[in-house]
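Please treat every number below as a calculation from the coordinates, not as lab data. Here the structure is a predicted model, which means the values were calculated and not measured. Cβ: placed from backbone, ideal geometry, glycine included. Neighbour counts: every protein chain shown.
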Amino acid sequence: MAYNAYSLKEVASKPERLAPGHRMCAGCGSTVAVRAVMRALRPEDKAVVTLATSCLEVSTMTYPYTSWEDSYIHTAFENAAATTSGVVAGYAAKKNKGKLDETYKFITFGGDGGTYDIGFQSLSGAMERGTDMVYVCYDNEAYMNTGIQRSSSTPMYADTTTSAVGVDSVGKPQYKKDLTAIMAAHRIPYVAQTTFLGNFKDLHHKAETAIYTEGPAFLNVMAPCPRGWRYEEADLMDICKAAVETCVWPLFEVVEGEWILNYEPKNKLPVTEYLKLQGRFKHLFKPENAVLLERIQDDVDRRWEELRLRAGAL
Ligand SMILES: Cc1ncc(C[n+]2csc(CCOP(=O)(O)OP(=O)(O)O)c2C)c(N)n1
Ligand code: SF4
Ligand SMILES: [Mg+2]
């Protein structure tokens, strides 16, 4: 899909829809993701934001304070997408009766714990029913708010508080779940995977397409967490770039079932270039763990070739 004309200056000059003064950590990817997604809304459109419990929720909406300029609903983990479905149905009824003139867009945000794990059934249901909404997962690869516990999104061999590296453990033993592919298997109109790069064009394009596509859309945004991933705050963008250049987190869209690769690195970097930037993978660089690094590289290579095949790039 061709990207619309894009000017960072123009997009950045739009009114902020997540006000400053919230309590998220410095260097946190989650707020960067939210601000970028909300900036894709047309200024004249209103939004109803639904948010499952998470770092984002507890830090941006602490009664009686809120950072959200749009209507906002805090939900339980299990029913974030179902809550949005109900609001969308109510909106449609009001519109049909001519009781509402304004245009509203419906956006649900969830962390990986709330999306890959606990809220997965309601997400799957809302997508399958064709609800006209966008679900955005800000993926920081663990349950950060409660102390960095592993989720099904945590990558293999990452050190978390429930997959702690020690004498008998080299980190999380399981693979990361491929949620973006699972959402594509729902055969909804729009699914995309993105993160923060350069001028944010990729993220802006995908957020705008997701919001203005009729029917359900799902966006998976890699959103690093300095506390859980153990990096210096200023390294946020370098980590995202390394994730893309190593093909750990490829940029792609699935539009009406068609897989589209948005970026192919000219020189695909070894995964170590990504892993070495983060304390959660520090143990992998001990000589006795070289085999684990090889296993990660093999997995990334295999999955990258699968993606290229799906996108017809082979
Ligand atoms: C049903 C339920 N289980 C557990 C909790 C406690 N809890 C609150 S936030 C959170 C972590 C959420 O992780 P994630 O969705 O990945 O968001 P993050 O904190 O990483 O931003 C947990 C487990 C809860 N609020 N509700
Ligand atoms: S713990 Fe991580 S995800 Fe949570 S606010 Fe801090 S940096 Fe962001
Ligand atoms: Mg998380």
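General remarks:
- Counted by neighbouring Cβ atoms within 10 Å, the residues L203, L219 run from fewest to most as L203, L219.
- Two-site FRET efficiency, M156 against M237, from Cβ-Cβ distance with R₀ of 22 Å, rounded to 0.05: 0.35
- Zone of K177's modelled label, taken as backbone nitrogen in the range 191-208 under 19 Å from a point 7 Å along Cα→Cβ: 191-194
- Between R295 and K99, the C-beta separation translates, for a Förster distance of 51 Å, into a calculated FRET efficiency of about 0.30.
- When the listed pairs K105/K201; K14/K176; K9/K241; K176/K276; K9/K95; K177/K286 are checked against a 28 Å cut-off, the alpha-carbon distance exceeds it for K14/K176; K9/K95.
- The Stokes-Einstein estimate for the range 1-108, based on a Kirkwood radius over Cα pairs and taken at 10 °C with 1.306 mPa s viscosity, is a diffusion coefficient of 103 µm²/s.
- Residue of A47, A33, A234 that the Gaussian network model of the chain assigns the largest fluctuation, springs spanning Cα pairs under 10 Å: A234
- On the basis of the beta-carbon distance and an R0 of 25 Å, Q121 and T146 show a calculated FRET efficiency of 0.75.
- Segment D168..R42, full-extension length gain: 40.1 nm, with 0.36 nm per residue of separation and the alpha-carbon distance subtracted.
- Counting 0.36 nm for each residue step from A19 to R129 and taking away their Cα separation leaves a gain of 36.3 nm.
- Computed from Cα atoms, the angle from the helix 201-212 axis to the main principal axis of the chain rounds to 40 degrees.
- Net dipole in debye of the range 1-82 [+1 Lys, Arg Cβ; -1 Asp, Glu Cβ; about Cα centre; nearest 20]: 240
- Over the chain: helical MRE at 222 nm, DSSP H runs n ≥ 4 each giving -39500 (n - 2.57), nearest 500: -9500 deg cm²/dmol
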